[in-house]
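Q: Have a look at this one.
Rule-based calculations on the coordinates, nothing more; no lab input. Computed from a prediction, not measured in an experiment: that's the story for all the values here. Because the Cβ atoms are built from the backbone with ideal geometry, glycine has one as well, and the counts that use them run over all protein chains shown.
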Amino acid sequence: MGSICLGRQPILDRNRNLVAFELLFRQEGSEEAANVINDLSASANVIVNAYGKFGIHNVLGHQRGFINADPDLILSDIISLLPSKHIVLEVKEFASITPEFLQRCKELKQRGYQFALDNIVAVNNQVELLLPLVSVVKVDVLAQTKDQLTQLVNQLNLWPVLLLALKVENQEQETHCRQLGFQMFQGYYFAKPEVMSAKHVDTDKVSLLKLLALVMRNNDQDSDIDQIEKEFKNQPSLSYNLLRMVNSGNEGLPLIINSIKQAVQLMGRKQLQRWIQLLLYTSSQSADTDSLSDEITQTAVTRGKLMELIATAERPHDKNHHERAYMVGILSLLDELLGIEMQQIVSKLGISDDTSQALLTRHGRLGQALKLIEAKEKGEITSIHSLLSELGFLSLDDFSDIEMQAIAWVNRAEEIMN
């Protein structure tokens, strides 16, 4: 199981206050610039990792994030996944700027997205086409003499843009850029990119394709949402990322989410389709092993179903309780699966109090049920009898029957996935 990585480099104002981060594609074990073969794939990885894996609020705090946006990304639906309040789209001068690309940028600007023009060393015809669209120009100060830089700044000052000094490597360069009126600064002189990392769990492409097919059905009704939910329930890490994505566009306190179905409904079919397409860009090129074959994943899915069946036995008509119980089971091993402390998971997902209490302290009815399942996994007979007595509605035979039902359900799911 490898790591997912994300680079971020601070962007400072004239007082050296942090005002933004540039988010960068990074490969495992490397602090230097990654070998990017496909710009769209690299940008997709940055988006998936920032929003789905780490959580955008963990990555940016209250700052904005600058993200490289090549023409393919600008023209794709993927952009709509990114709340405009979080990001600045970095575009570069390129040889053939099409009317379609310019129109798309204008539409995105009208919708509240901000643009930065990256790595500028001169004002030419292509740059002049892009300048009316951008609010920030990132000037490569390392590639120019002092006189060339002065001339370039004088040209750019004809436009209502903020100037960002890029690749500042020493105090002399900073001082000169300050004298020229640059408002923002970025470079190794201030800080090298920081590489954030966490465990990586491959999402099976077969599952993603099944989900995409379900979501793209030409059906205005939500009659097939149960099938979509079932696919998510077989993928604990995917469910986790879904909950993070739903909360990424939410300011302040996380939304209270009681079920996977509710998260799917909150995200919406169109946004869900875009997100799954994005995951297909970033999932591993080789999916030699099925996700359910992973022992931790399979145990988490089994726990989810066991929790759901126990909750059904206790409150047969309370579907909301059944769904919260499933979520407790499927999330209960995510700290092991993703290498993240459970407290971090709970604090960022926006789940109900009884769900978070069960995951953190094993208290409450859901917590007792989870303790019972964990005792059964460890073969702790005394604890099993004690917990069944505390719950008060299950006999040992009832619990054994429920366990057999859960195992059979997981096995059927695995057969379908294979």
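Q: Measure up K233/K376; K138/K192; K92/K138; K233/K378; K270/K319 against 20 Å on the Cα-Cα distance and list the ones that go over. Don't jump to the answer; show the numbers that get you there.
A: Numbers: K233/K376 22 Å; K138/K192 17 Å; K92/K138 10 Å; K233/K378 24 Å; K270/K319 26 Å.
Table pairs above 20 Å Cα-Cα are K233/K376; K233/K378; K270/K319.
Q: If you don't mind, there's one more thing I want to ask. Defining a contact as two alpha carbons under 8 Å apart and six or more residues distant in sequence, what relative contact order in percent does region 343-398 show? Walk me through the numbers before you get to the answer.
A: On the way: 39 pairs, mean separation 11.2, N = 56.
For region 343-398, the relative contact order is 20 percent.
Q: Once fully extended, how much extra length lies between D398 and H62, figured as 0.36 nm per residue of separation less the alpha-carbon to alpha-carbon distance?
A: Numbers: separation 336, 0.36 × 336 = 120.96 nm, distance 5.05 nm.
Roughly 115.9 nm would be gained on extension.
Q: Okay, moving on. If the chain between D318 and A408 were fully stretched, how many nm would it gain, using 0.36 nm times the residue separation less the Cα-Cα distance?
A: Numbers: separation 90, 0.36 × 90 = 32.40 nm, distance 2.34 nm.
Taking D318 through A408 to full extension adds about 30.1 nm, to one decimal.
Q: Sorting check: for 16-25, 56-65, 235-244, which peptide has the highest mean count of neighbouring beta carbons within 10 Å, and how do the rest follow?
A: Working: 16-25: 18.9, 56-65: 16.3, 235-244: 24.3.
The peptides rank, most packed first, as 235-244, 16-25, 56-65.
Q: Once you charge only the Cβ atoms, +1 for Lys and Arg and -1 for Asp and Glu, what is the size of the charge dipole of region 132-204 about its Cα centre, to the nearest 20 debye?
A: On the way: 6 positive and 8 negative charges, 41 e Å.
With Lys and Arg at +1 and Asp and Glu at -1, about 200 debye.
Q: On the first, second and third principal axes, largest extent first, how far apart are the outermost C-alpha atoms of region 69-164 in Å?
A: Here the spans come out as 42, 27, 22 Å, largest first.
Q: Still on this structure, please answer the following. Would you mind getting me the FRET efficiency between Q343 and I296? Use the beta-carbon distance for r and R0 = 22 Å, nearest 0.05. Don't skip to the end; give the middle numbers.
A: Numbers: r = 19 Å, r/R0 = 0.86.
After rounding to 0.05, the efficiency reads 0.70.
Q: Efficiency by 1/(1 + (r/R0)^6): what FRET value for E128 and T150, r their Cβ-Cβ distance, R0 = 22 Å, to the nearest 0.05? The partial results should precede the final answer.
A: Working: r = 19 Å, r/R0 = 0.89.
Here the calculated transfer efficiency is 0.65.
Q: I've got another one for you. What FRET efficiency comes out for the pair S386/D72, r = Cβ-Cβ distance, R0 = 35 Å, nearest 0.05? Intermediate results must be reported in sequence, preceding the final value.
A: Values: r = 59 Å, r/R0 = 1.69.
After rounding, the FRET efficiency stands at 0.05.
Q: Sorted from largest down, give the three principal axis spans of the alpha carbons of region 54-113, whole angstrom values.
A: 37, 21, 16
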